[in-house]
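See below for the structure under consideration.
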Amino acid sequence: MTRFYTKKGDDGYTGLLREGRVPKYSRLIETIGDVDEANAALALARSLSKAPETNTILKAVQKDLYYLMSEIAASPENELEFQRITASRVLWLESQIEEISAKVYIPDEFILPGDSQSGAAMDMARTIVRRAERHLARLLHGKVIKNRELLHYINRLSSLCFVLELLENQAAGIIKTTVVKA
């Protein structure tokens, strides 16, 4: 039988793809946890999605997020071995954003989340992605990680979540998402 625990983390430290162990509250672990949480939120959004393209796009994004977490967990000595988030993946995200944007009505005002279940799930994922972006920026600016494409990818991912929210609302029969007048 497979065990789902190692008993090595009981002291409040955890291992990464690098030498030694770090506290479970370290900025590295916090950022990896944020990306993992974003991945779970995207999984929920995918499970509720109505538009077929949402499912396909989010599966690819979820795989990318595993690669992204691996690179964050890697040591400076082995980070290139785990580097899979490149400018081409960012360009792929941008192309998805453009394709979806061409299919939906995009309001000029802030939108009020919750017009559809799947749209609300996308918005929740977007906010978690934004938190991961803030923590990833801290690692990049602190020179803990070097690959700027990780931050570019997460930034574009929040935009993708926004347009997918609009697409999901549309797939649920909501043509014009509720807005908040400033």
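Please treat every number below as a calculation from the coordinates, not as lab data. All of these numbers come straight from a predicted model, not from anything done at the bench. Cβ coordinates were reconstructed from backbone atoms using ideal geometry, including for glycine residues, and neighbour counts include every protein chain displayed.
For Lys143 and Glu99, a Förster radius of 35 Å and the Cβ-Cβ distance give a FRET efficiency of 0.50, rounded to the nearest 0.05. Straight-line reach from Lys59: taking Cα to Cα under 23 Å and skipping same-chain neighbours fewer than 8 places apart, the lysines in range are Lys50, Lys103. Modelled this way, with points 7 Å down the Cα-to-C-beta line, the labels at Arg84 and Ser26 are 2.3 nm from one another. The alpha-carbon of Lys143 sits under 27 angstrom from the alpha-carbons of these lysines, leaving out residues fewer than 8 places away in its chain: Lys24, Lys63. Averaging the sequence gap over all C-alpha pairs within less than 8 Å and six or more residues apart, then dividing by the number of residues, gives the chain a relative contact order of 28 percent. Screening the chain for DSSP H helices whose Cα atoms reach 30 Å or more along their own axis and whose mean Kyte hydropathy is at least 0.0 gives 27-48, 148-171. When the helices of the chain are scored as -39500 (n - 2.57) per DSSP H run of n ≥ 4 and the total is divided over every residue, the value at 222 nm lands at -21000 deg cm²/dmol. If I compute Rg/Rh (Cα atoms, Kirkwood Rh) from the structure I just sent, which labelled value in (1) 0.96; (2) 1.09; (3) 1.02 lines up? Identified label for the calculated read-out: (3).
Find the centroid of the Cα atoms in the range 120-182 and in the range 1-66, then give the distance between the two in whole Å. Centre-to-centre (Cα) distance: 17 Å.
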